[in-house]
Amino acid sequence: MARRLLIAGNWKLHKTVEEAVALAGDIASGLVRDDLDVLVIPGFLALEPVALSLSASSVLVGGQNLFWEDQGAYTGEVSGPFLKAAGARYVLVGHSERREYFGETERTCRLRVEAALRSGLLPILCVGETQAEREGGQTEGVLESQLAGALAGFDAAQAANITIAYEPVWAIGTGLTASEAQANEAHSHIRAWLGARFNKDVANSTRILYGGSVKPANAAGLMNQPEVDGALVGGASLSAESFLGIIQAA
Ligand code: 13P
């Protein structure tokens, strides 16, 4: 089954509202391809202004995280309905930086995936092993437990709305990239797991993105791998030139 590529830019804690709107405009005006999906993921404050500025463009907007309750006395949180109302279509769940710095666990990932689906947002569940886990031969086990924990209790119809991002922690922001073969192998393992846990249709249709030091120079090789269905780009998504370079190369 041909899966449409998704190239997503996670702007993390970068870009003020003004800078984010300018970057989104540069990306939208430089985009010449319509055979793939392009997504930008600004910080929360910039999300609605960016979504409004892109309303006439095919570029989609997503959130970097969401809380699992829809509303209430939860100071400092942002929920699915709020993201949806602001113009988000997608939302990241379980990014390794959330796991490392903000106590994200498999249980809280699962709650966030459920909240995203309930709000009509498409969750992008991030999984990936650390360097020590890779060196210890634990990559597949780590991926399986992250997937099993975050997707516990969901059925195939729900799973059909989920995108997976494989982001090896050792390749994020380090300049180290998984080799094409390493990425394809991990994606293939994730797809096989989806097939066993849900069904063949879910396995065949789920987009699995690669993230970790994706740049214009390595994008084509990675995107050409049969199991790689797009990219989740950090640093290289912060300039229109390099993000558009990745989109062109994909
Ligand atoms: P870099 O592209 O900066 O390595 O970041 C990857 C990432 O974490 C995207 O979510």
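For segment 114-178, what log10 I(q)/I(0) values come out of the Debye formula at q = 0.20 1/Å, with one point per alpha carbon and no solvent?
Taken in order of the listed q values, log10 I(q)/I(0) reads -0.82.
Tell me, what is a quarter of the convex hull surface for the C-alpha atoms of segment 59-154, in nm² with one decimal?
6.9
Mind pulling up the Rg/Rh value for the chain? Radius of gyration and Kirkwood radius, both on Cα.
Numbers: Rg = 16.8 Å, Rh = 17.9 Å.
Looking at the chain, the ratio lands at 0.94.
What do you get for GluC sites (Glu not before Pro) in segment 13-84 restricted to DSSP loop and a cutoff of at most 13 other Cβ within 10 Å of the site's Cβ?
Values: sites: GLU18, GLU19, GLU69, GLU77; in loops: GLU69, GLU77.
Answer by residue number: GLU69.
Report the Stokes-Einstein translational diffusion coefficient (µm² s⁻¹, integer) for segment 83-124, Rh taken as the Kirkwood radius over Cα pairs, at 10 °C with viscosity 1.306 mPa s. Walk me through the numbers on the way to the answer.
Details: Rh = 10.6 Å.
The Stokes-Einstein estimate is 150 µm²/s.
Would you kindly calculate the mean projected area, averaged across all directions, of the convex hull enclosing the Cα atoms of segment 152-223, in square nanometres? Don't skip to the answer; put the middle values down first.
Details: hull surface 20.5 nm².
That works out to 5.1 nm², a quarter of the Cα hull's surface.
For the chain, with the dipole built from +1 on Lys and Arg beta-carbon atoms and -1 on Asp and Glu ones, taken about the Cα centre, which of ALA165, GLY30, VAL59 lies farthest toward the positive end?
Value: VAL59.
Give me the one-decimal nm value for the distance between modelled label points at ASN224 and ARG3, 7 Å along each residue's Cα-to-Cβ direction.
For the pair ASN224/ARG3, the computed spacing is 2.0 nm.
Considering only GLY173, GLY87, GLY62, give the residue with the highest GNM mean-square fluctuation for the chain, with springs between Cα atoms whenever their separation is below 10 Å.
Per the Cα network of the chain with a 10 Å cutoff, GLY173 tops the list.
For segment 1-127, place one equal point scatterer on every Cα, skip the solvent, and apply the Debye formula. What is log10 of I(q)/I(0) at q = 0.14, 0.19 Å⁻¹?
-0.60, -1.07
So what's the Cα pair-distance distribution over segment 110-248, bin width 5 Å, in %?
2, 11, 20, 22, 19, 15, 9, 2, 0
Based on the alpha-carbon set only, what is the convex hull volume of segment 60-103 divided per residue, in Å³? Let's see the in-between values first.
Values: hull volume 3.3 nm³, N = 44.
Cα-based convex hull of segment 60-103, divided per residue, equals 75 Å³.
How many Lys pairs in the chain lie less than 28 angstrom apart by Cα atoms, where the lysines are 8 or more positions apart or on different chains? Working shown, then result.
Numbers: LYS12/LYS84; LYS12/LYS215; LYS15/LYS84; LYS15/LYS215.
Taking the chain as the scope, the lysine pair count is 4.
Going by C-beta contacts inside 10 Å, put LEU5, LEU176 in order with the fewest on the left. Spell out each step's value before the answer.
Details: LEU5 19, LEU176 13.
Taking fewest neighbouring Cβ atoms as first place, the list is LEU176, LEU5.
Every number in this text was worked out from the coordinates using simple rules, so none of it is lab data. In this text, all values refer to a predicted model and were calculated from it rather than measured experimentally. All Cβ positions, glycine included, derive from the backbone under ideal geometry; neighbour counts span all protein chains shown.
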